[in-house]
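Data first, discussion second: the structure below is written as structure tokens.
Throughout, read-outs are computed from the coordinates displayed, never taken from laboratory work. Please read all numbers here as calculations on a predicted model, not as lab measurements. Quick reminder, even Gly has a Cβ in these numbers, built from the backbone with ideal geometry, and neighbours come from all protein chains shown.
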Amino acid sequence: MKRLFLILLCLCVLQATFGQAKKIDGILPVRGLVIAAPRPAGVDQFCKFIEEELAPAHFNMLVLRVDWNYAYECDPDLRDPVHLSKADVKKMLEVCRKHNIELAPQINLLGHQSWAGTTYALLRKYPHFDEAPHINLDNYRDYYLPNGSPSPLADGLYCKSYCPLHPEVHGVVFALVDELMNVFEATWFHAGLDEVFHLGDERCPRCAGKDKAELFAGEVNKIHDHLAKSGRKLMIWGDRLIDGTVTGLGKFNSSYNNTHRAIDLIHKDVLICEWRYSQTGLSAIIYAYKGLNVVLCPYTNPGIALQHVKDMVDWRQRPIHQMTTDRFQGVVHTVWSGAEGFMRLYYDPETYKVPMLDATERGGEARALKVLIEEFKKLNL
């Protein structure tokens with residue numbers, strides 16, 4: 001009798017410590033959201049959003065696009081004028097841990113070092129890291145597509161990149177990554193790496209003439225290996241690993257500059273975040289076939305979001321070409337408006353309009369997330 005009592009006591013302690021296992025964990029292991037990190041004034045409301053919306057829907061991953069929105073101590077010049085403090089991060093971490101949500105930071109590495117006519121912090125302070133310093137961003141200040149994106153001119157610029165072979169760049173970048181991972185107490189890091197069009201520039205003294213697939217894979221593996229030294233893991237966007245000339249996907253969704261062959265060169269434990277906004281996510285099968293774990297990432301279309309969940313659940317239940325089903329990891333929703341703007345959009349969609357979104361997208365981010373919230377709840381019944 002005494003032994004039985006001790007066993008029951010141990011089970012109660014384990015349940016209290018680790019939480020009750022959820023049915024949904026076996027059906028869809030990763031249920032996540034990628035969103036910009038809030039500004040300091042929005043942290044409390046954001047914590048409330050996690051508590052009241054994400055946690056009851058069994059989300060277990062939250063990726064915050066931090067970039068320069070943190071009080072970096074290793075390189076204070078790279079901070080945004082208004083930035084999160086360590087206490088702000090710990091507040092979000094506390095509520096995530098309470099609900100077993102993995103909190104992961106993102107810094108855009110390699111690409112997305114500028115937007116339209118604005119150079120971001122890294123290349124402002126370290127202009128010698130620029131892969132294509134001869135491109136003048138002043139030419140891009142007044143050129144926008146209908147959705148607010150910069151419109152490429154004759155030189156084909158979308159966003160600037162840093163040179164992956166510059167001998168000093170990783171000393172700077174990895175110090176930022178390490179500081180952010182430590183304050184977030186995180187296991188996962190998102191490195192971005194999407195829409196990298198400027199790579200292996202013909203005027204770069206280090207990269208000119210190099211194989212672009214090897215350059216891209218080299219950067220992925222360098223980041224991966226740095227994280228692995230401290231037992232941490234890497235996730236990236238997947239668009240540079242898909243051959244656009246074969247799949248017919250557009251230049252933003254896939255590669256037309258020969259980086260796609262990097263899919264065979266990167267470490268197999270890199271998690272691929274495959275964003276598919278206007279079509280179903282069949283491209284996820286390509287990553288799984290290549291031995292990579294993958295999550296599908298919807299955006300503003302609720303129907304696409306539901307299809308992504310259905311596809312992932314179906315693929316996990318039946319092997320495709322003898323692949324292991326656990327490579328299909330789940331669904332991670334993407335939000336590209338700011339955190340504060342999204343909160344207003346989520347709670348007051350009729351009156352708040354997001355300037356950067358066109359009429360067809362406006363409100364879609366929130367509607368798609370609400371659909372996912374309800375779907376995740378159903379999967380746990």
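Starting from the Cα of LYS125, draw a straight line to each of the lysines and keep only those under 18 Å, dropping any in the same chain fewer than 8 residues away. Those lysines meeting the cut-off are LYS160.
Full extension of the segment from VAL246 to GLU202, taken as 0.36 nm per residue of separation minus the current Cα-Cα distance, would add 13.3 nm. As an equivalent ellipsoid, the stretch 74-143 spans semi-axes of 32, 13, 12 angstrom, where each value is the square root of five times an eigenvalue of the C-alpha gyration tensor, largest first. Evaluating 6.51 cos²θ - 1.76 cosθ + 1.60 at θ = phi - 60° for every residue in the stretch 190-200, the Karplus couplings come out as 9, 9, x, 6, 9, 6, 8, 9, 9, 8, x Hz, glycine and proline recorded as x.
Within the straight-line cut-off of under 22 Å between alpha carbons, the lysines reachable from LYS229 are LYS268, sequence neighbours fewer than 8 places apart in one chain being disregarded. Of the beta bridges DSSP finds with both residues in the chain, what % are antiparallel, to the nearest 5? Of the beta bridges lying entirely in the chain, close to 10 percent run antiparallel.
With Cα atoms defining each centre, the stretch 58-129 and the stretch 186-221 are spaced 20 Å apart in the structure.
Counted residue by residue at 0.36 nm each, then reduced by the alpha carbon distance between them, the extension gain from CYS74 to GLU214 reaches 47.4 nm.
Electrostatic tally near CYS74: other residues with Cβ closer than 9 Å to its Cβ, Lys and Arg +1, Asp and Glu -1, net -4. All C-alpha pair distances within the chain, sorted into 20 Å bins from zero, spread as 27, 60, 12, 1, 0 percent across the bins.
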